[in-house]
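Visitor: Here's a structure for you.
Computed from the coordinates by the stated procedures, all read-outs in this text should not be read as laboratory data. As the structure is a computational prediction, the values presented were derived from the model and not from experiment. Using ideal geometry, Cβ is built from the backbone for each residue, glycine included, and neighbour counts are taken over all protein chains shown.
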Ligand code: HEM
């Protein structure tokens, strides 16, 4: 199926009744009264259930999850067109934005419409190439910590490193350093309470996202109360980071023009006359950055290690490319180096394609719309799995297939993935 932007998502035209299918005419699993299809979808691996649904009912199907009506769209062209149609005609999903707001100050992820544009402006001012470039030495130093830790673990007496734990700690350290300008060093100090609070907060967001009933609006369970307490502590800590960033900007005014991390960029933007940005916006977006950046990068890195371990030829080619460029250095000295690692970049893209860190995206319309020829009532959540139905290996991009030692095409990446 192909789709153009105009047919992908259009308001319902007058007299179009015969030209389109109705949402209720889509195939999908039979459900129970009230509960709908709860129980048929695995709450812990929701995306896998949805992918299985695509295999069974095709690229467009419907289901109901309690009161939530869902239409699944698994056509790349249609998905692309729908995403391009946000924020004009689609919200990210009132459920997600209410949920994020219920557990902390608002940021770019929980905002919609003009509020989103305002928050987005703030975020893009901070997340720019100059900030990333200036951040690189700190990023390199944080990565070296992991290299040192794992090199020590090579010794016969040291226990084998807990790969997932260490990678997660590293990405948390990196995102907190980038977003807040602080070195929390959870890699070497597991007792720091901040990461545990951030973890508790994310764990609750995940649990609430999967819960069919928003019970926390009426009463709180013990984990919800713990999460509320964690949010209060994180906000206090981040408020302190804002004060420290402001003190740095006062001591070195040049940082206002050329901030060294997101927090400094946010505070500089906040302090401009008539900025329309508040300290709460700064705190909300600093927390959003950690939320957006930590788990996505750690799970991508973990999957990369897993896939490379399964494909030693690919791992060897990647290592040879890195060694040829860096020699004895263990991490790239600057961001310019990354331009010279095309095979490594291709591996990262392939990992993201096979194991996308955000395996599904969702949109919701506030008015009835036509999506791919289907009349979708307002309030229906359109869920879009990001992974191709059959995740087959792709041929190596042409520029790489002619490169020496690039054995990607002949090496077989897993053809299907049911694990995650
Ligand atoms: C493998 C790594 C990553 C993946 C796969 C990923 C994926 C995504 C996806 C799919 C979205 C769109 C969400 C939506 O519109 O519903 C998104 C948005 C966003 N991501 Fe990432 N992300 C990654 C890393 C990061 C990092 C490291 C940061 C920052 C430190 C970050 C910051 C953001 C922000 C701020 C948005 C929201 C943009 C907006 O609403 O305008 N992401 N990301």
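Visitor: Return the whole-Å distance between the Cα centroid of segment 157-213 and the Cα centroid of segment 124-139.
Guide: If we compute the Cα centre of each part, the gap is 21 Å.
Visitor: Under the rule of -39500 (n - 2.57) per DSSP H run of 4 or more residues, summed and divided by the residues of the chain, what mean residue ellipticity at 222 nm is obtained, to the nearest 500 deg cm²/dmol?
Guide: Taking each H run of at least 4 residues, the total per residue is -16500 deg cm²/dmol.
Visitor: In nm, what is the difference between 0.36 nm times the number of residues separating residue 366 and residue 149 and their Cα-Cα distance?
Guide: Net length gain for the segment: 73.0 nm.
Visitor: Identify which of 179, 358, 254 has the largest mean-square fluctuation in a Gaussian network model of the chain, with springs joining Cα atoms closer than 10 Å.
Guide: 254
Visitor: Which shape class, rounded, prolate or oblate, goes with segment 52-209 when its Cα gyration tensor gives a ≥ b ≥ c as root eigenvalues, a/c under 1.5 marks rounded, and past that a/b bigger than b/c marks prolate? All intermediate terms of the calculation are to be shown ahead of the outcome.
Guide: Working: a/c = 2.11, a/b = 1.61, b/c = 1.31.
In terms of gyration-tensor shape, prolate.
Visitor: Restricting to bridges with both residues inside the chain, how much of the DSSP beta-bridge set is antiparallel, in percent to the nearest 5? Kindly include the intermediate steps, with their values, before the conclusion.
Guide: Details: 20 of 26 bridges.
Within the chain, antiparallel bridges account for around 75 percent of the total.
Visitor: List the relative contact order of segment 91-230 as a percent without decimals, with contacts defined as Cα pairs under 8 Å and 6+ residues apart.
Guide: Values: 79 pairs, mean separation 28.6, N = 140.
Reported relative contact order: 20 percent.
Visitor: Explain nothing, just the number: relative contact order of segment 190-279, from Cα pairs under 8 Å at least 6 residues apart, as a whole percent. Before the final figure, lay out each step's value.
Guide: On the way: 47 pairs, mean separation 19.6, N = 90.
Relative contact order of segment 190-279: 22 percent.
Visitor: To the nearest Å, what is the center-to-center distance of segment 21-64 and segment 280-324, using C-alpha atoms only?
Guide: Between the Cα centres of segment 21-64 and segment 280-324 lies a distance of 31 Å.
Visitor: So, in nm, how far is label residue 252 from label residue 128 when the simple model puts each one 7 Å beyond its Cα toward the Cβ?
Guide: Distance between the two pseudo-spin positions: 1.8 nm.
Visitor: Can you give the convex hull volume of the alpha carbon atoms of segment 24-122 per residue, in Å³?
Guide: Numbers: hull volume 13.2 nm³, N = 99.
Dividing the Cα hull volume of segment 24-122 by its residues yields 133 Å³.
Visitor: For a Förster distance of 51 Å, can you work out the FRET efficiency between the beta-carbons of residue 213 and residue 349, rounded to the nearest 0.05?
Guide: 0.85
Visitor: Given points 7 Å out from each Cα along the Cα-Cβ axis, report the residue 56 to residue 191 separation in nanometres with one decimal.
Guide: 5.1 nm
Visitor: Let's test the formula: R0 of 60 Å, r as the Cβ-Cβ distance of residue 271 and residue 32. What FRET efficiency results, to the nearest 0.05? Show your work: numbers first, answer last.
Guide: On the way: r = 55 Å, r/R0 = 0.92.
The computed FRET efficiency comes out at 0.65.
Visitor: Here's something else I'd like to know. Given R₀ = 25 Å, what would the calculated FRET efficiency be for residue 324 paired with residue 160, taking r from the Cβ atoms and rounding to 0.05?
Guide: Values: r = 29 Å, r/R0 = 1.15.
The value I calculate is 0.30.
Visitor: Sorted from largest down, give the three principal axis spans of the alpha carbons of segment 271-310, whole angstrom values.
Guide: Per principal axis, max minus min of the Cα coordinates gives 55, 14, 9 Å.
Visitor: Over the chain, what portion of Cα pair distances is larger than 42 Å, expressed as a whole percent?
Guide: Numbers: 17080 of 87990 pairs.
Counting pairs separated by more than 42 Å, the tail of P(r) holds 19 percent.
Visitor: In whole Å and largest first, what semi-axes does the C-alpha gyration tensor of segment 144-206 yield when each eigenvalue is scaled by 5 and square-rooted? Please list the in-between numbers first.
Guide: On the way: eigenvalues 113, 38, 17 Å².
Those come to 24, 14, 9 Å.
Visitor: Also: Which of these, 378, 304, 324, has the largest mean-square fluctuation under a Gaussian network model of the chain (Cα springs below 10 Å)?
Guide: Ranking 378, 304, 324 by mean-square fluctuation puts 324 first.
Visitor: Here is a further query. Can you tell me the relative contact order of the chain? Whole percent, Cα pairs under 8 Å, sequence separation 6 or more. Please list the in-between numbers first.
Guide: Details: 555 pairs, mean separation 104.4, N = 420.
Normalised by residue count, the contact order of the chain is 25 percent.
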